[in-house]
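The values are calculated or read from the model by the stated rules, or taken from the named source; none is laboratory data. What you are looking at is a predicted structure, and each value in this text was computed from that prediction instead of being measured. Because the Cβ atoms are built from the backbone with ideal geometry, glycine has one as well, and the counts that use them run over all protein chains shown. Just the protein is used for accessible areas: all its heavy atoms, side chains included, with ligands, DNA and RNA removed. Shrake-Rupley method; radii C 1.70, N 1.55, O 1.52, S 1.80 Å.
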Amino acid sequence: MPCAITAGYTIDCRDGVGGIDAVYNGAFNVSSTTAGACDDNTLRAGYDRTYQFNVTCAGNYNISLCGSSFDTYLYLSSGVNSGVISFNDDFCSLQSQLSANLSAGTYYITVESFFSSTTGAFTLNVTGTDTPSGSASASNVSCNGGSNGSITVSATGGNGLTYSLNGGAA
């Protein structure tokens, strides 16, 4: 099954279960604001937005608020208000970013301000690499000392794949 990027749905924090503002499958990008948000996340005092993030393909994921308009704070957790995996403040100037190697499963990303009374606009970028898969086949030379053998390799998924034969450059 290929890794998919699927648009989520938005839930108002007063109506949503556990304060989840939207649900996404795989990598996503969303622009929003903490203005008008609730303070329903107990990880830290402040107006927050929490996104459920369903990882369909294991791999390294980058979660970034770089370029946002205010001093951000970012959490990645395995549960709403619990199971903090990673958090960050001020990776790129006053904005937050983190990277994590994630297994397939459900995670929660919480965006809020460093200062509990401050709100602002943000763009949350979640990018990931899907796990590469591949196959290889070989055809032997027809005669000892010949040069008509071949190796065929095909790969799908992943980013920036490189190949080598017996440790040599490809």
Worksheet item: Accessible area per residue of region 17-94 at 1.4 Å probe, in Å²?
Response: 39
Item to complete: For a quick protection proxy, order the peptides 89-100, 41-52 by their average other-Cβ count within 10 Å, most packed first.
Response: 41-52, 89-100
Discussion item. Below 14 angstrom from the Cβ of Leu94, what's the summed charge of the other residues (Lys, Arg +1; Asp, Glu -1)?
Written reply: -4
Discussion item. Accessible area of region 26-130 with a 1.4 Å probe: how many percent of it is carbon plus sulfur?
Written reply: 49
Item to complete: Arrange the peptides 24-36, 56-68, 76-88 so that the one whose residues have, on average, the most other Cβ atoms within 10 Å appears first.
Response: 56-68, 24-36, 76-88
Discussion item. So if I take the centroid of the Cα atoms in region 93-121 and the same for region 47-62, what is the distance between those two points in Å?
Written reply: 10
